[in-house]
Amino acid sequence: MKTDERHRLIGELLRHRSEVTVDELVAACDASGATIRRDLEVLAANGVLRRVHGGARSLIGRGENPGYGQRELEDHDVKVRIAAAVSGLLKDREHVWLDAGSTATEIARALQGRELTLMPTSLPSLNAVTGDAGEAGHRPALLLPGGSLIPGELCFRGPLAEANIRSLRFDTAVVTPCALNLKDGLLAHDLEDAAVKRAGLESAARLIIAAAGSKWNATAVAMVAALDAVDVIVTDKDFSAEELAHLNALPVEVVKA
């Protein structure tokens, strides 16, 4: 089993259990104890788990929203497909605002080598997009929003970030909601995140939503926008006939990833 596969399996186990031992992980991953211990140290440094004697403890055992490190391990293949689909919807030389989060990081990675102007709103996205320049030698021109940097998430928040975003006009905003549903629309886990998301979407001519199926009907508390503000939804979700009828009544295009 490859390193990233082990990391995702360990993260998935700790999504549903409060604690796991090294011996259990050795059996689950078919790896040596030394390898598992190294994996746990890396995952602990990335905020996925807490290292304890003989194993690891979940950081979300009480039902809290999982941190960035945990979310980065989840639905990885889905996020890669969503990122490729979003990249295909963007034209060269567009000005693009990009939300924060693990899905946004994959989208930023998919935009390496594109001839765009991009405002990423997190350091993981910034680092991802500044990688390979691509065969044509292009790199996106970058704008940063400033503001306060939130520990753990490493995303920009606060009045300064909002003001700087609103001072510009983008061709497209790519929003990665914490949750969404047909009744309430787009949701975020906290008011500051919701405010930055609104600043981005209200400053753009077109709004693309990128959301894995697991985000649909998930729980979040802060309203961002209704679905009738959305132009395109990119998701892997399989909609029921009733859900499709609801979406077809809205001015929104659904792209299956």
Checklist outcome for this item: Matching residues in region 206-248 (among the hydrophobic types (A, V, I, L, M, F, W, C), assigned to a helix (DSSP H, G or I) and either within 15 Å of Val175 (Cβ to Cβ) or not assigned by TED's automatic domain parsing to the domain that holds Ile82 (or both)) number 2
Checklist entry - Regarding Glu115, is this residue closer than 20 Å to Val48 by Cα, out of contact with any strand residue (DSSP E or B) (no Cβ under 6 Å at 6 or more places or on another chain) and free of Cβ contacts under 8 Å to residues at least 40 places away in the same chain? => result no
Next on the checklist: Test of understanding: among Arg109, Arg114, which residue is surrounded by 17 or more Cβ atoms within 10 Å (Cβ to Cβ), modelled with pLDDT of 90 or more and part of a loop (DSSP other than H, G, I, E, B)?
Outcome noted: Arg114
Checklist outcome for this item: When restricted to Leu201, Leu244, Leu207, Leu227, the only residue surrounded by 19 or more Cβ atoms within 10 Å (Cβ to Cβ) and over 18 Å from the mean Cα position of the chain (by Cα) is Leu227
Checklist entry - Which members of region 7-54 meet the condition of being in contact with a Cys (Cβ under 7 Å, 6 or more places away or on another chain) and modelled with pLDDT of 90 or more? => result Ile36
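Within region 72-101, track down each residue that is surrounded by fewer than 23 Cβ atoms within 10 Å (Cβ to Cβ), at negative phi and of a type outside the set (A, V, I, L, M).
Glu74, His76, Asp77, Arg81, Ser87, Gly88, Lys91, Asp92, Glu94, His95, listed by residue number.
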Next on the checklist: Looking at region 154-198 only, could you name the residues that are in a loop (DSSP other than H, G, I, E, B) and either crowded, with 16+ Cβ neighbours inside 10 Å or in contact (Cβ under 8 Å) with a residue 12 or more places away in the chain (or both)?
Outcome noted: Leu154, Gly158, Leu168, Arg169, Thr176, Pro177, Cys178, Leu182, Asp184, His189, Asp190
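Ala195: touching a helix residue (DSSP H, G or I) at 6+ places or on another chain (Cβ under 7 Å) and under 27 Å from Ala257 (Cβ atoms), yes or no?
Against the criterion (touching a helix residue (DSSP H, G or I) at 6+ places or on another chain (Cβ under 7 Å) and under 27 Å from Ala257 (Cβ atoms)), Ala195 does not qualify.
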Checklist entry - Looking only at region 92-106, which residues are assigned to a loop (DSSP other than H, G, I, E, B) and either among the acidic types (Asp, Glu) or without any contact (Cβ under 8 Å) to a residue 24 or more places away in the chain (or both)? => result Asp92, Glu94, Asp99
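The values are calculated or read from the model by the stated rules, or taken from the named source; none is laboratory data. Everything numeric in this text was worked out from a predicted model, so none of it was measured. Reconstructed Cβ throughout: ideal geometry from the backbone, glycine too, with neighbour counts over all protein chains shown.
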